[in-house]
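The structure under discussion appears below in the form of structure tokens.
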Amino acid sequence: RSTLFPYTTLFRSPAGCGKTMLLAQWRKSLSLQGAKVAWYNASVDDNDDHIIAYLIEGLLQAQVNIDTEAVQAYRRSGSKAWRPLIASLIDDLCDEDRDVYVMIDDLHHLSSFKLLQILDTWLGMAPERFHLVLGSRTRPPLQLNRLRLADGVTEINFGELRFSLDETRHFLQSQGLAGLSSVQETRLHEMSDGWAAGLQLLAYSLRQ
């Protein structure tokens, strides 16, 4: 990838494909490797102020050194002074000697133009050690073309997340269905198209 841009990873697939589980496992692995990882699980009830507060709190919990004066100025402005806040956060990230990851799950819940503008600005100015990881059911309306041209975006879709036939067999066996024939396992795999939640429902039905 280009060293001029931060790296963005997008997990995009329907519900029940294991995005959250994969993100959680990756978060644990990154933390064990010494990276600083902030996590935010988006909710349809969150407003702009809540979202920014959660992201900043996530960075603080990840032990990223944040200029609290910039945060306080943002709050005093009634959330209007977001550009100085982003500039301050970028300066803070430039001072980090370790990679910093911000993971946002369920991004499809966020539709605020202001928040998307903040994320675009952040991505456009962030240093190399900053990484944005997104989990979403839909393609996010972010301006990622510049990063794509620089090979700065990895997209993992349903085709990569769905179970292979071997994974389906292992899953069915782990669900107490080891007595199924190879033909039956293949049929269940075809019925679910490797969709994890669909396999879970089929396994539950068979156990009953």
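When residues in the stretch 96-120 are screened for being within 18 Å of the chain's Cα centre (by Cα) and open to solvent by 10 Å² or more (accessible area, probe 1.4 Å), 11 of them pass. The residues on offer are 152, 179, and the sole one that is open to solvent by 70 Å² or more (accessible area, probe 1.4 Å) and on the phi < 0 side of the Ramachandran plot is 179.
When 142, 172, 93 are checked against the criterion of being within 21 Å of residue 19 (Cβ to Cβ), without any contact (Cβ under 8 Å) to a residue 60 or more places away in the chain and buried (at least 16 other Cβ atoms within 10 Å of the Cβ), 142 stands alone in meeting it.
Among the residues of the stretch 62-80, those that are surrounded by 12 or more Cβ atoms within 10 Å (Cβ to Cβ) and either among the β-branched types (Val, Ile, Thr) or over 20 Å from residue 94 (Cβ atoms) (or both) comprise 64, 66, 71, 75, 77, 79. Only one residue in 134, 144, 188, 119 is over 30 Å from residue 90 (Cα atoms) and not small (Gly, Ala, Ser). Which one? One residue alone meets the criteria, 188.
The values are calculated or read from the model by the stated rules, or taken from the named source; none is laboratory data. Only a predicted model underlies this, so the values are computations on that prediction, with no experimental measurement involved. No Cβ is skipped: glycine too gets one built from the backbone with ideal geometry, and neighbour counts run over all protein chains shown. Note: accessible area is taken over every heavy atom of the protein model, side chains too, but ligands, DNA and RNA are not part of it. Shrake-Rupley method; radii C 1.70, N 1.55, O 1.52, S 1.80 Å.
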